[in-house]
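The values are calculated or read from the model by the stated rules, or taken from the named source; none is laboratory data. All figures in this text were calculated on a predicted structure; none of them were measured in a lab. Here the Cβ is made from the backbone with ideal geometry for all residues, glycine too, and neighbour counts use every protein chain on show.
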Amino acid sequence: MLIQIRKRSDPRSSEITPKSAYLDYVSRRRFLGTAVAAGMIGSLPLPASAAAPKKAALQGVVKSRYKLDEPLTDTEAATGYNNFYEFGTGKTDPATYSKDFKPKPWTVAIAGEAAKTATVDFDDLIKPHQLEERVYRLRCVEAWSMIVPWVGVPLADVIKRFEPSSKAKYVAFETLNDPQRMPGQKSRVLDWPYVEGLRMDEAMHPLAILAVGMYGEEMPNQNGAPIRLVVPWKYGFKSIKSIVKIAFVEKEPPTSWNRSAPNEYGFYSNVNPTVDHPRWSQAKERRIGDSLFSAKRPTLMFNGYADEVAALYAGMEMKKNY
Ligand code: MTE
């Protein structure tokens, strides 16, 4: 996510050099890890993310059919290099500044065009469903990707419980808005709260999940505790974190990045190697953890999930509906 117009007072976004910054970080971690293991520099402090609060293991998680034939991204990379502007715009800011964030107790408001609307406690929202592990590729619009074993429940199953009406054409999501708990919200870098949306049929697609954990543990704060969306065929920014509201609406809802830079980020934001971002190509991506010297990988249509989701967009002009 690049911010085009920056006020003097806004923090600098490290995303302007996303790949090199990240690769430096990974190399540094790798070096430190190896060196510490070898007893060479045992007293060197690791980056802040290494000291992130430990999360509880999730019980009763079943494996699902959603697996990938590729190695998982290191936990440290997936929890140490994040986009979560509520905790700062730098890649290590979320791990650093979310340390004291207490994600429980937590409620989610279910609102709008549905037979049942309510403010639901996190446990009541999730407990009726079977937790599944889903290994998905998350492809960021910044042209890097990760392979993460998410733990969550199908979004469709949660939606059905609230019986949306025929007027519910879209689902709108909202992140917590509390600058005391999310210090990045003291900056006007985005219009808070962070908001996202899906068309109803996208939200009901079996690939879309509400994730409550990763790597078998509760969701780390920096990855969107306690509950976030994961929509694997779309750019990462559609996967909104720390959700407090889910509303069924008739009209296409606003989305944070589209509001911030409409010529760069559309409502759909499907991973599409043939539609470039106005300022860089989307044809290839760097897999987090790959060596600096290895070639970038080709980006796959719909992030590799075309067989499952292409039908949602049949007849739609993808270049226009980016
Ligand atoms: N959700 C909120 N509330 N705020 C954010 O800044 N960043 C998005 C998305 N969800 C973001 C968010 C972006 S740009 C990406 S790439 C993914 O979260 C990153 O998810 P990860 O940190 O778990 O890899």
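Out of 182, 214, 204, 219, which single residue is touching a residue at least 24 places away in the same chain (Cβ under 8 Å), over 22 Å from residue 260 (Cα atoms) and more than 16 Å from the chain's Cα centre (by Cα)?
204
Out of (1) within 24 Å of residue 80 (Cα to Cα); (2) out of contact with any helix residue (DSSP H, G or I) (no Cβ under 6 Å at 6 or more places or on another chain), the odd one out for residue 271 is which?
(2)
Only residues in region 79-91 that are at pLDDT 95 or above count as the first member; pair them with residues that are within 6 Å of the ligand (Cβ to nearest atom), Cβ under 6 angstrom, at least 6 apart or cross-chain, and list the lot.
Listed by first residue and then by second, the contacts come to 84/241.
Give me a count of the residues in region 203-224 that are within 12 Å of the ligand (Cβ to nearest atom), under 16 Å from residue 153 (Cβ atoms) and touching a Lys or Arg at 6+ places or on another chain (Cβ under 8 Å).
Qualifying residue count, region 203-224: 4.
Just wondering, is there one or more residues in region 144-161 that are surrounded by 16 or more Cβ atoms within 10 Å (Cβ to Cβ) and part of a loop (DSSP other than H, G, I, E, B)?
No; the residues of region 144-161 include none that is surrounded by 16 or more Cβ atoms within 10 Å (Cβ to Cβ) and part of a loop (DSSP other than H, G, I, E, B).
Name every residue in region 54-72 that is surrounded by 13 or more Cβ atoms within 10 Å (Cβ to Cβ) and closer than 18 Å to residue 94 by Cα, in order of residue number.
Passing the criteria: only 55.
Being among the acidic types (Asp, Glu) and surrounded by fewer than 18 Cβ atoms within 10 Å (Cβ to Cβ) narrows it down to one residue among 250, 285; which is it?
Of the residues listed, the single one that is among the acidic types (Asp, Glu) and surrounded by fewer than 18 Cβ atoms within 10 Å (Cβ to Cβ) is 250.
Does region 142-150 contain at least one residue that is touching a strand residue (DSSP E or B) at 6+ places or on another chain (Cβ under 6 Å), without any contact (Cβ under 8 Å) to a residue 60 or more places away in the chain and among the polar types (S, T, N, Q)?
Among the residues of region 142-150, not one is touching a strand residue (DSSP E or B) at 6+ places or on another chain (Cβ under 6 Å), without any contact (Cβ under 8 Å) to a residue 60 or more places away in the chain and among the polar types (S, T, N, Q), which makes the answer no.
Residues 240, 227: which one is in contact (Cβ under 8 Å) with a residue 24 or more places away in the chain, in contact with a Ser or Thr (Cβ under 8 Å, 6 or more places away or on another chain) and away from the ligand (no atom under 11 Å from the Cβ)?
So the residue among 240, 227 that is in contact (Cβ under 8 Å) with a residue 24 or more places away in the chain, in contact with a Ser or Thr (Cβ under 8 Å, 6 or more places away or on another chain) and away from the ligand (no atom under 11 Å from the Cβ) is 227.
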